[in-house]
Every structure is written in structure tokens, then in C-alpha cells.
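**Student:** Structure in C-alpha cells, see below.
Where a number appears in this text, it was derived from the coordinates with a stated rule and is not lab data. Source: prediction; values computed, not measured. Every residue, glycine as well, gets a Cβ built from its backbone with ideal geometry; the counts of neighbours run over all protein chains shown.
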Amino acid sequence: MSNQNPNNPQGQTNTPELTVIGADTRIKGEMFFEKSARILGHFEGKITAQGEVQIGNGANCNAAVEAEQIIVDGSVQGPLFARDRLTLTKNAQVQGDLTAGTLVVSEGASFVGHCNVGPRAGDMTGQTSQQQTRNTAPLTNEPKPNITTQLDLTPPWAQEANSSVA
């Protein structure tokens, strides 16, 4: 049989779609990828992808990057948000905050910034900072109604005194 997949009559492989931004390309703005992307050139702005973003060796990104997985093999200045896994190879040079479910750092990688790593960090990365603020606000506001309610009640010692007098 000549085709690897009988449901694929053109003989295409089942590799995920990947958009490549060439080494000779300079882009400024905002890019969204429904699948995955490999950046080999220079980019300034914001990158969002549903799949994986690869920052290739020699690439330079002055950008916020958000994706399911991020692999950095070049230079990035800006925050990185990997919903699943963030990998910094030996050539990676990152200056910015990292948030990821899993962080892999190879020997030789350079990183300056703050890290938020783990299952909780992974859950938070899918939300915007405004959503995070909205979601944490009720936690800080919850005790206030309870405290107010407790302050409005008659103290337990006064209740006991009233019941023993009656």
C-alpha cells in the first residue's frame, strides 16, 4: 500500500500543521496561529497559538508568547505562557517572566525573570490577567461578610448569661 493512511488519499503525513516565519523576515504586530508556529526571524509584539510555538536558533522575539507548548532555542524578551510545557534549550536566551505547567531547562540556557511552574500555574495560564484578578477577588472578599456577620451577633458569653437568667 503506497499511502500511510487510507483516509488520506493525497499521501500527506499526519504531522501537525506548522507555519514557519523565515530567518529573513521581520514582523511587528500580533500573530495568532490555530495550530503551531516556528519563528526563525525577528518578531516584535504578541504571539498566540493553540499548538506549539518554536523560537528557532538565531530568532529574536521581543514579544509576549502564549501557546500550549513553547520551545525556545533563540532569544526572547517578554513573558512566556505555556499552558502545558515550556522548554529552554542550551541556546535559549530569555529575559521575562515564565509561566508553565512543566518547565524544562537545558544546561547552557540563560534566563532572567520570575517563574510560575506547576499544575496551578498551568491552570492560570489559560486566563487573562483580568480573569485572574476577578477569580482571586472573591477569595479575598469572602471572609469580610463572615466577619461582619459575626460582629453583628450577640457574643456567646452574653447569650449564655441571657439563657441562664431566664
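**Student:** Which whole-Hz ³J(HN,Hα) couplings does the range 105-115 yield from phi under the Karplus relation 6.51 cos²θ - 1.76 cosθ + 1.60, θ = phi - 60°, glycine and proline marked x?
**Tutor:** Rounded to whole hertz, the list is 10, 7, 4, x, 5, 10, 9, 10, x, 9, 10.
**Student:** Could I have the simple spin-label model distance between V20 and F32, label points 7 Å from Cα toward Cβ, reported in nm to one decimal?
**Tutor:** 2.6 nm
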